[in-house]
Amino acid sequence: MATKGSGLQAKVSRMLSKDFGKPILKPNKPLALRNEVANRKLRQGEASCLTEMSVMMACWKQSEFNHAACTQEVQAFQRCTALAQAERKARMGQESSGQGGRLHPKQANTLLKRHPNLYREI
């Protein structure tokens, strides 16, 4: 494992050096990772149950907002929202247990502060 890292360092130093002709890499900043990531908001998911809500509202409009006339549509919308909430809770449970795909920027920053990068160029 250590030989692979030193081999990579040798390749990068060869690409940066002027001993072998014109250097391939010309970095304008030091080649070291920062100890923080940008605090960007994660994208919101798509809205759920839009079709059921629009059917329910159309029914209300046709029946002049009589709730009793649109019980099937209201029940379908409530079933859909309950399902969507259960899926959202399951997804949040997976993300909090570390099985999610991405880290939140605050979590990544705390991990990077706990394990800082060495400030030296390769």
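The values are calculated or read from the model by the stated rules, or taken from the named source; none is laboratory data. Note that the coordinates shown come from a computational prediction; the quantities given were computed from them, not determined experimentally. Here the Cβ is made from the backbone with ideal geometry for all residues, glycine too, and neighbour counts use every protein chain on show. Keep in mind that these areas ignore ligands, DNA and RNA; they rest on the heavy atoms of the full protein, side chains included. Shrake-Rupley method; radii C 1.70, N 1.55, O 1.52, S 1.80 Å.
I'd like to check something: does region 42-53 contain any residue that is under 26 Å from Gln85 (Cβ atoms), open to solvent by 70 Å² or more (accessible area, probe 1.4 Å), among the hydroxyl-bearing types (Ser, Thr, Tyr) and modelled with pLDDT of 75 or more?
The answer is yes, given that some residue of region 42-53 is under 26 Å from Gln85 (Cβ atoms), open to solvent by 70 Å² or more (accessible area, probe 1.4 Å), among the hydroxyl-bearing types (Ser, Thr, Tyr) and modelled with pLDDT of 75 or more.
Search region 71-96 for residues that are closer than 19 Å to Ser54 by Cβ and part of a helix (DSSP H, G or I) and pair each with any residue that is open to solvent by 100 Å² or more (accessible area, probe 1.4 Å) and among the aliphatic types (A, V, I, L, M) when their beta-carbon atoms are under 8 Å apart and the residues are at least 6 apart or on different chains.
Taking only residues 6 or more apart or on different chains, not a single pair turns up.
Can you tell me which residue within region 32-41, out of those that are open to solvent by 70 Å² or more (accessible area, probe 1.4 Å), in contact (Cβ under 8 Å) with a residue 24 or more places away in the chain and of a type outside the set (S, T, N, Q), is nearest to Phe77 (Cα to Cα)? Outline the logic, then answer.
Kept after step one, since they are open to solvent by 70 Å² or more (accessible area, probe 1.4 Å), are these residues of region 32-41: 33-34, 36, 39-41.
Checking the rest, the ones that are also in contact (Cβ under 8 Å) with a residue 24 or more places away in the chain come to 33-34, 36, 39-40.
Still in the running and of a type outside the set (S, T, N, Q): 33-34, 36, 40.
Values: Leu33: 48, Arg34: 47, Glu36: 43, Arg40: 33 Å.
Among residues in region 32-41 that are open to solvent by 70 Å² or more (accessible area, probe 1.4 Å), in contact (Cβ under 8 Å) with a residue 24 or more places away in the chain and of a type outside the set (S, T, N, Q), the one nearest to Phe77 (Cα to Cα) is Arg40.
Looking at Ala108, Ala58, Ala86, which is the one that is among the aliphatic types (A, V, I, L, M), surrounded by fewer than 12 Cβ atoms within 10 Å (Cβ to Cβ) and modelled with pLDDT of 85 or more?
Answer to the selection: Ala86.
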